[in-house]
1. Relative to 2.2 N^0.38 Å, what does the C-alpha radius of gyration of region 145-208 come to as a ratio? Two decimals please.
2. State to the nearest 20 debye the size of the charge dipole of the chain about its Cα centre, where the only charges are +1 on K and R beta carbons and -1 on D and E beta carbons.
3. Sorted by average packing, counted as other Cβ atoms within 10 angstrom per residue and highest first, what order do 206-217, 172-183, 361-372, 471-482 take?
4. By its C-alpha gyration tensor, with a ≥ b ≥ c as the square roots of the eigenvalues, how is region 13-96 shaped: rounded for a/c under 1.5, else prolate for a/b larger than b/c, else oblate?
5. For V92, what residues show an amide H to amide H distance below 5 Å, using hydrogens built from the backbone and excluding near sequence neighbours?
6. Residue by residue through region 218-231, what is 3J(HN,Hα) from phi via Karplus (6.51 cos²θ - 1.76 cosθ + 1.60, θ = phi - 60°)? Round to whole Hz and write x for glycine and proline.
7. For region 272-282, in order, what is each residue's ³J(HN,Hα) by Karplus, 6.51 cos²θ - 1.76 cosθ + 1.60 with θ = phi - 60°, in whole Hz (x at glycine and Pro)?
8. Highest mean first, how do 24-36, 327-339 rank when packing is the count of other Cβ atoms within 10 Å averaged over residues?
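Any read-out appearing in this document is the output of simple, stated calculations on the displayed coordinates, not a laboratory observation. Note that the structure is predicted; figures quoted are calculated from it, not measured. Cβ atoms come from the backbone with ideal geometry, glycine included; neighbour counts cover every protein chain shown.
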Amino acid sequence: MFVSDFRKEFYERVLLFVASDVDALCACKILQALFQCDHVQYTLVPVSGWQELETAFLEHKEQFHYFILINCGANVDLLDILQPDEDTIFFVCDTHRPVNVVNVYNDTQIKLLIKQDDDLEVPAYEDIFRDEEEDEEHSGNDSDGSEPSEKRTRLEEEIVEQTMRRRQRREWEARRRDILFDYEQYEYHGTSSAMVMFELAWMLSKDLNDMLWWAIVGLTDQWVQDKITQMKYVTDVGVLQRHVSRHNHRNEDEENTLSVDCTRISFEYDLRLVLYQHWSLHDSLCNTSYTAARFKLWSVHGQKRLQEFLADMGLPLKQVKQKFQAMDISLKENLREMIEESANKFGMKDMRVQTFSIHFGFKHKFLASDVVFATMSLMESPEKDGSGTDHFIQALDSLSRSNLDKLYHGLELAKKQLRATQQTIASCLCTNLVISQGPFLYCSLMEVRLPTEHRRLVTAPVASSDHLSRLRRALQMSCCSLGRHP
């Protein structure tokens, strides 16, 4: 069942199950802010898989009747898996699609927080659910005076009727299997959970600039992870851009247009280069999957092409290899246009992307993708001094503007992880470890020769499925640049 009235159905003492991804963390931050406004008590439990979710639910089900699941639970039959009591209610805000049909049509215990304009294409109720029919044979309460011939006639009619019912049921079940197969055969993602939570805050007239930024980061996480199409990303960017204009419109004559404590969000077109404003331009070009694959930087020829690219822009190597913040202002002013123009010459037609940035005071500026990579790296950190829950809390804290030190720490971890990813790809390709297996490309990471630090970053048990998916996509992109398509 879909939630139609957020205000009436939501605010009780609740338990939050939050998945380990950036979009879920951003949605959680928005919900925490709403709970704080209304003094709602809650308990937060991070989960990274179904086993953890089941264990946590069994541990807490006696203390709570209301459970909120963020980015987990929509695409499985929750009632079948968790076996809750009849008075337990689940609120599910999840981007995973398709939504399980039992969750959609359960109108008592499952409440789905999903944008109504998302095209879910849920099958009709009568096509997948059918009331149990009584198959009792009508042997009849014939009187003793009934003729044997009449009894035979009625029995023959009942046999024909039962045969027809069984045939109709078989046909209905065959149609049901086909309908469910068509509905469930592909996995995809819907609107960002952080965006859904922000729209909830907006409907409650409690939306703040911080909440808007978390919604932006949640959407950007989906784009960075390739969970949504470019068209969906651009559409949702347009929705958020209107909110940015509403929240960040200031009169130029105001005295506090810029101050030490101000927070300002801006829409802009920026470069498709990871962390370049917090790194050197050279390192960013070498460790962005898109440019590394297009230049083929694992080869000598690829390194030469990169040098040609820099020469075409007229950028001195000394400037390119120092931190972006230390580059000459005259070079930085037109850098985006210079890179985009040269990228077109080298076959990279989509170096520019729509995004948002945030300014904290005069000094601190971050692109939404910067925050995504930093937060992901904090969650997936292979550091031994902390559990998965500790890393989750640290990543959650880094989203607050009062914890910029944690965000900067996440940026440094992200740089190490990006280097390790590109080193892994180079090792796989240079040693011919990528093998064609029918329609698939296969590579065993355990056979890749890597420095200990890089191996720990790439193959540590703490590495999430999202992290391995990013590595897989980057490796696939590099293979495609060589003409090896899965």
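1. On the way: Rg = 27.4 Å, N = 64, 2.2 N^0.38 = 10.7 Å.
So region 145-208 has a normalised radius of gyration of 2.57.
2. Numbers: 55 positive and 77 negative charges, 795 e Å.
Magnitude of the dipole: close to 3820 debye.
3. On the way: 206-217: 23.6, 172-183: 12.7, 361-372: 19.2, 471-482: 17.5.
Result, highest mean first: 206-217, 361-372, 471-482, 172-183.
4. Numbers: a/c = 1.81, a/b = 1.20, b/c = 1.51.
It comes out oblate by the Cα gyration axes.
5. Under 5 Å from the amide H of V92 lie the amide H atoms of L69, K111, L112, L113, each far enough along the sequence or on another chain.
6. Result, rounded to whole Hz: x, 5, 5, 4, 4, 5, 4, 7, 6, 8, 10, 6, 4, 5.
7. 7, 10, 6, 6, 5, 6, 10, 9, 9, 4, 5
8. For the peptides 24-36, 327-339, the packing ranking is 24-36, 327-339.
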